[in-house]
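In what follows, a structure is listed as structure tokens, so that the remarks can point back to it.
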Amino acid sequence: MWIYLRPLLPPNPYLKSLKTDCARLDDSAIPLLVNPSLQELCLHNCADLSGKLLSEIGTQCKDLRFLWLGSVAENRGRAIHISDLEELLGGCSQLEALALMCDVSLFLRYNFARVWASASEKLTSLEIGYLSSVTVTELLSPNLVSHQSPKNIRPPILPSLQKLCLSVDYITDDMVGTISKGLVSLTHLDLRDAPLIEPRITFDLTNSGLQHINQHGKLKHLSLVRSQEFLITYFRRVNDLGLLLMADKCANIESIRLGGFCRVTDTGFKTIMHSCSRLYKLRVSYGTQLTDLVFHDISATSLSLTHVSLRWCNLLTNQAITSLASNKDLRVLDLRYCRSLGDSTLRSISNLHKLKILLLDGSDISDVGLSYLRPGVISSLIALSVRGCKRLTDKCISALFDGSCKLELRELDLSNLPNLSDNGVLLLAKSRIPIVELRMRQCPLIGDTSVMALASMQVDEDRWHGNCLRLLDMYNCGGITQLAFRWLKKPYFPRLRWLGVTGSVNKDIVDALGRSRPFLHVACHGEELGADPY
């Protein structure tokens with residue numbers, strides 16, 4: 001695939017920024033990617049590139065300011081050596097932001113902290129895909145350089161760091177305390193773990209650990225999330241007292257995200273909301289004890305929330321959203337998998353005319369409820385998701401899009417709607433909305449007619465052939481046959497870059513489509529397309 005890249009990247013001493021998807025590239029493409037003049041380099045899906053990529057960047061890109069690397073050396077037979085990381089950190093002395101979205105635990109642990117001593121003193125932002133909490137603690141602890149010379153103290157690591165985003169095995173008291181104490185300029189802390197087994201107390205976060213957060217008083221954004229990717233587990237050793245202790249030191253927090261705090265009740269969450277007067281982003285997931293009472297008196301506070309996410313908070317009802325809707329400046333509202341929310345919720349938010357993103361996955365809404373979004377809310381939305389709202393039918397399309405106003409909608413998720421058929425997609429095509437990302441996964445009644453309708457969709461008088469769509473996900477749609485693939489060829493869908501289909505339809509046809517459109521990423525194993533930015 002690098003032969004397609006070569007004409008696009010001729011020698012250019014003025015090239016400052018490069019962003020590309022490396023899913024089909026290997027080490028042979030590295031000379032084309034590491035231009036010495038680069039100041040910003042963003043490479044996604046580098047699974048087939050080895051650690052040589054890191055060392056070459058360190059050798060060639062001396063003026064680099066921003067570096068984002070995804071999935072480096074994840075494929076079998078590829079490897080990253082500690083010397084590759086050392087050359088990267090030592091060579092890029094001007095680096096200000098670094099994101100290594102790969103498993104850094106593959107590096108030799110006993111050398112890891114020593115290598116980071118050579119990192120740029122200008123580094124203000126660091127994001128790492130995965131490493132162990134023990135490694136983080138060792139990296140940021142003021143350990144001795146030499147055990148034989150107690151006076152030889154290691155200088156501070158990452159002295160200018162303001163933003164730290166880490167995915168670890170366990171979020172622990174020791175790690176949180178070490179980060180809070182060692183990074184004196186920290187304003188943004190984002191920690192996520194995904195335990196494989198239930199954590200013991202020495203490898204867990206407790207009330208004691210929370211009271212060490214923000215020791216230097218500069219923190220503006222805090223995110224603590226326990227993922228349930230591998231195990232249904234929570235922060236079981238944190239309760240309302242822990243949030244009370246944390247709130248005392250976090251009065252200036254502007255954004256907070258808490259995921260998996262199953263023992264925290266309305267009292268703990270209200271403490272945060274009443275203590276942090278500058279809060280404008282509130283995100284809670286798996287708040288199993290969060291009820292309507294937490295928002296009962298929100299109108300009496302000085303809060304002006306613009307971003308609210310309440311995922312998997314199943315005790316919330318329509319009344320909570322009615323209270324929350326007093327924040328007229330709301331721009332993002334994520335209510336995914338709050339299963340008790342229904343049409344009254346949509347009536348409550350119908351006056352939020354600044355709303356840009358609305359996510360309602362798994363809620364109990366109907367076609368009639370969606371009509372409440374028209375015209376006030378739907379005209380401002382850029383993203384709408386109703387995935388898994390089982391009561392919706394083809395009528396939801398006409399309820400939303402009646403042609404009475406100009407829409408800014410660019411992302412629409414209609415996945416897992418058992419009653420959505422080709423007729424609904426025909427209505428969507430006739431609406432001529434310039435949608436960029438359309439997801440219709442797991443819709444058993446959608447078939448070839450939908451593909452033909454979208455391929456022929458005319459956005460305006462001069463442009464057609466479904467030319468706005470960049471992402472189309474129709475994985476496991478029951479009526480898709482070989483006929484649909486004729487309409488996925490050129491000249492149809494000229495801007496399409498991501499396509500989700502069921503590979504079992506006909507593997508040869510899927511492979512032929514990939515060959516005829518080399519810049520189209522075809523996913524046929526059920527993987528979600530694109531990232532979840534919300």
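The values are calculated or read from the model by the stated rules, or taken from the named source; none is laboratory data. Bear in mind that the values here come from a model prediction, so they are computed numbers and not experimental data. Cβ atoms come from the backbone with ideal geometry, glycine included; neighbour counts cover every protein chain shown. For the accessible areas, the whole protein counts, side chains as well, though only heavy atoms, and no ligand, DNA or RNA atoms are used. Shrake-Rupley method; radii C 1.70, N 1.55, O 1.52, S 1.80 Å.
Descriptive notes on the structure:
- With respect to the conditions (1) at pLDDT below 95; (2) over 30 Å from TYR234 (Cβ atoms); (3) among the charged types (D, E, K, R), ARG391 falls short on a single one, namely (1).
Yes/no per residue for (1) farther than 23 Å from GLN162 by Cα; (2) aromatic (Phe, Trp, Tyr); (3) touching a Lys or Arg at 6+ places or on another chain (Cβ under 6 Å); (4) in a helix (DSSP H, G or I):
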site	(1), (2), (3), (4)
HIS216	no, no, no, no
SER223	no, no, yes, no
PHE235	yes, yes, yes, no
ALA251	no, no, no, no
ARG257	no, no, yes, no
PHE261	yes, yes, no, no
VAL264	yes, no, no, no
PHE269	yes, yes, no, yes
ILE272	no, no, no, yes
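- Criterion violated by ASP248 - all others in (1) charged (D, E, K, R); (2) within 19 Å of LYS270 (Cα to Cα); (3) under 25 Å from the mean Cα position of the chain (by Cα) satisfied: (3)
- Taking the criterion of being within 15 Å of ASP413 (Cβ to Cβ) and assigned to a helix (DSSP H, G or I), the residues of the range 362-402 that qualify are LEU370, CYS396, ILE397, LEU400.
- Among residues of the range 324-339, those that are touching a helix residue (DSSP H, G or I) at 6+ places or on another chain (Cβ under 8 Å) and surrounded by fewer than 18 Cβ atoms within 10 Å (Cβ to Cβ), counted: 2
- Within the range 119-144, restricting attention to residues that are at pLDDT 90 or above, among the polar types (S, T, N, Q) and in a loop (DSSP other than H, G, I, E, B), the residue that is farthest from ARG76 (Cα to Cα) is THR124.
- Selection within the range 451-483 - crowded, with 22+ Cβ neighbours inside 10 Å, modelled with pLDDT of 90 or more and assigned to a loop (DSSP other than H, G, I, E, B): LEU469, MET474, TYR475, CYS477
- Screening the range 1-63 for helices (runs of 4 or more DSSP H) wholly inside it with 2 or more residues that are open to solvent by less than 30 Å² (accessible area, probe 1.4 Å) returns the ranges 30-33, 52-60.
- Scanning the range 343-392 for residues that are of a type in the set (A, V, I, L, M, F, W, C), under 18 Å from ASN318 (Cβ atoms) and open to solvent by 10 Å² or more (accessible area, probe 1.4 Å) yields a total of 1.
Okay, residues lined up against (1) open to solvent by 20 Å² or more (accessible area, probe 1.4 Å); (2) closer than 21 Å to CYS250 by Cα:
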| site | (1), (2) |
| --- | --- |
| GLY260 | no, yes |
| THR265 | yes, yes |
| HIS274 | yes, yes |
| LYS281 | yes, yes |
| VAL284 | no, yes |
| VAL294 | no, yes |
| HIS307 | yes, yes |
| ASN318 | yes, no |
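- Criterion violated by VAL168 - all others in (1) surrounded by fewer than 18 Cβ atoms within 10 Å (Cβ to Cβ); (2) closer than 30 Å to GLY90 by Cα satisfied: (1)
- Across the range 221-233, the number of residues qualifying as touching a residue at least 40 places away in the same chain (Cβ under 8 Å), open to solvent by less than 40 Å² (accessible area, probe 1.4 Å) and closer than 15 Å to ILE197 by Cα comes to 1.
- Answer residue from the range 432-450, given it is assigned to a loop (DSSP other than H, G, I, E, B) and hydrophobic (A, V, I, L, M, F, W, C) and is nearest to ALA523 (Cα to Cα) among those: MET440
- Every residue from the range 81-101 that is in a strand (DSSP E or B), of a type outside the set (Gly, Ala, Ser) and either within 17 Å of SER160 (Cβ to Cβ) or out of contact with any Leu (no Cβ under 7 Å at 6 or more places or on another chain) (or both): LEU98
- Residues satisfying the stated conditions in the range 484-534, i.e. at pLDDT below 85, under 25 Å from the mean Cα position of the chain (by Cα) and among the charged types (D, E, K, R): ASP532
- Any hit, the range 491-498, residues being touching a strand residue (DSSP E or B) at 6+ places or on another chain (Cβ under 7 Å), open to solvent by 60 Å² or more (accessible area, probe 1.4 Å) and part of a loop (DSSP other than H, G, I, E, B): yes
- Condition check for GLY242: within 26 Å of the chain's Cα centre (by Cα) and among the small types (Gly, Ala, Ser): no
- Residue within the range 69-78 that is outside any loop (DSSP other than H, G, I, E, B) and buried (at least 16 other Cβ atoms within 10 Å of the Cβ) present: yes
- Comparison of LEU282, LEU290 shows that the only residue that is farther than 20 Å from THR187 by Cα and either without any contact (Cβ under 8 Å) to a residue 40 or more places away in the chain or assigned to a loop (DSSP other than H, G, I, E, B) (or both) is LEU290.
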